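Structure, as structure tokens:
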Amino acid sequence: TIAKDNQISSAHVNFITDNDHNVLKDKGWMIRTGVQFHWQNKNYDCFDDFLASLSSRKRKTLRKERRSLYQQGITFHQLNGTDIHTHHWDQFYQFYLSTIENKWGGAYLTENFFHQIGAQMSHQILLVLAEKNGQLIAGALNFIGQHSLYGRNWGCGEHIPNLHFETCY
């Protein structure tokens, strides 16, 4: 009704329950299908516990990839709540645009959107930022759910092998 009354062409609902899914489907909503990747924490207390669950070859590869980033002087910051400032959103928006430009997509989110979620729900956000030589070079936007962390957007200012995995996961 709100969309129709305001002549809005579409409305989208994300992260819905199974019950909401069924209600919306019964009301004639189009249900989006897509590919998602889910990682489950199988009671890992730390990253080394996770690595121990992998084969020796995969453990070695992951350690090597991570080490390559740290050897380049790249550090990572996990920001939440009041730790996220306006300049972080300004920079993250540039990363977002860079990803859109490289993937030939449309920038449907505005810079103001990022500032608004920062102002209104920063306690439900985990913003991971990568830094090199004092400059932010990449970021990942995550939303904190009751029992899950939802990775939503990623972007970077320069391509560095393995940076995506370390920033996002």
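The values are calculated or read from the model by the stated rules, or taken from the named source; none is laboratory data. For clarity, every value in this text was computed on a predicted model and none was experimentally measured. Neighbour counts are summed over all protein chains in view; Cβ atoms, including those assigned to glycine, are modelled from backbone coordinates with ideal geometry. Please note that ligands, DNA and RNA were not included when accessible areas were found on the heavy atoms of the full protein model with its side chains. Shrake-Rupley method; radii C 1.70, N 1.55, O 1.52, S 1.80 Å.
Ignoring solvent entirely, what values of log10 I(q)/I(0) come out of the Debye formula for segment 52-96 at 0.19 Å⁻¹ when each Cα is a single scatterer? Debye output, listed in q order: -0.77. With the biggest extent put first, the Cα atoms of segment 23-70 measure 50, 25, 19 Å across the principal axes. Placing +1 on the Cβ of every Lys and Arg and -1 on the Cβ of every Asp and Glu, with nothing else charged, gives segment 82-169 a dipole about its Cα centre of roughly 200 debye. Segment GLU111..ARG152, full-extension length gain: 13.2 nm, with 0.36 nm per residue of separation and the alpha-carbon distance subtracted.
Cα-based values for segment 1-81, radius of gyration first and Dmax second, are 21.5, 59 Å. Going 7 Å from the Cα of GLN124 in the Cα-to-Cβ direction, what parts of segment 131-146 have a backbone nitrogen less than 14 Å from that spot? Counting only backbone N, you get 142-146. Relative to its residue count, segment 83-132 spans a Cα convex hull of 87 Å³ per residue. Beyond 15 Å, the tail of the calculated P(r) for segment 77-169 holds 57 percent of the Cα pairs. Each semi-axis of the equivalent ellipsoid for the chain is √(5λ) with λ an eigenvalue of the Cα gyration tensor; in descending order they amount to 32, 22, 15 Å. Here the chain has 49 percent of its accessible surface on carbon and sulfur atoms, given a 1.4 Å probe and all protein chains in place. Taking all protein chains into account, the per residue accessible area for the chain stands at 74 Å² (1.4 Å probe). Pairs of Cα atoms nearer than 8 Å and 6+ residues apart set the relative contact order; for the chain it is 19 percent. When both segment 114-164 and segment 73-87 are represented by their alpha-carbon centers, they are found 8 Å apart. For segment 117-165, the alpha-carbon coordinates run over 33, 21, 13 Å along the three principal axes, in decreasing order. Multiplying the residue separation of GLN7 and ASN41 by 0.36 nm and removing their Cα-Cα distance gives an extension gain of 7.9 nm.
Non-local lysine pairs in the chain, meaning eight or more places apart or on different chains, with alpha-carbon distances under 24 Å, amount to 7.
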